[in-house]
Amino acid sequence: MNTALIVIHYLGCTILIALILLQAGKGADMGAAFGGASQTVFGGRGPATFLSKMTTFVAILFLITSISLAQLSKKATVKSVIDTAAEVTAPAPAAVPAAPDAGATSEETTAAPDEKK
């Protein structure tokens, strides 16, 4: 479902960009004000064109898919790098051999435990 939603989202983004670029801007009639024959300077408020209706529909689709993807990603449990780094513990230090007894001679420290004098 997540993959299908992402594909729909990307298609909606691409179509929305194309629809916006195809539309004439509101200032397109400004040039007509200086010698052209235009009824309005900033565009008419007449019935909406097919492109503006499609732009509205695709923009709503884009908004719905954006919110849906945000909700799906919120529900996903993904561990952070910081969380996994905190779980790693430092290795235990190597055992330090015990110091030989101060009163023992060198022969007693090297001899096996059964052969003590």
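The values are calculated or read from the model by the stated rules, or taken from the named source; none is laboratory data. What you see is a predicted model, and the numbers here were worked out from it, not measured in a lab. Note that each Cβ is placed from the backbone with ideal geometry, even for glycine, and that neighbours are counted across all protein chains shown.
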Query raised in the report: Looking at ALA70, ALA59, ALA76, ALA86, which is the one that is within 30 Å of THR3 (Cβ to Cβ), within 23 Å of the chain's Cα centre (by Cα) and modelled with pLDDT under 75?
Result: ALA76
Query raised in the report: Does ALA94 satisfy the condition of being part of a loop (DSSP other than H, G, I, E, B), modelled with pLDDT of 70 or more and more than 26 Å from the chain's Cα centre (by Cα)?
Result: yes
Requested in this report: Please go through the range 34-50 and pick out each residue that is at pLDDT 75 or above and not aromatic (Phe, Trp, Tyr).
Outcome: ALA48, THR49
Query - Condition broken by LYS53, with the remaining ones in (1) at pLDDT below 90; (2) of a type in the set (D, E, K, R); (3) assigned to a helix (DSSP H, G or I) satisfied - result: (1)
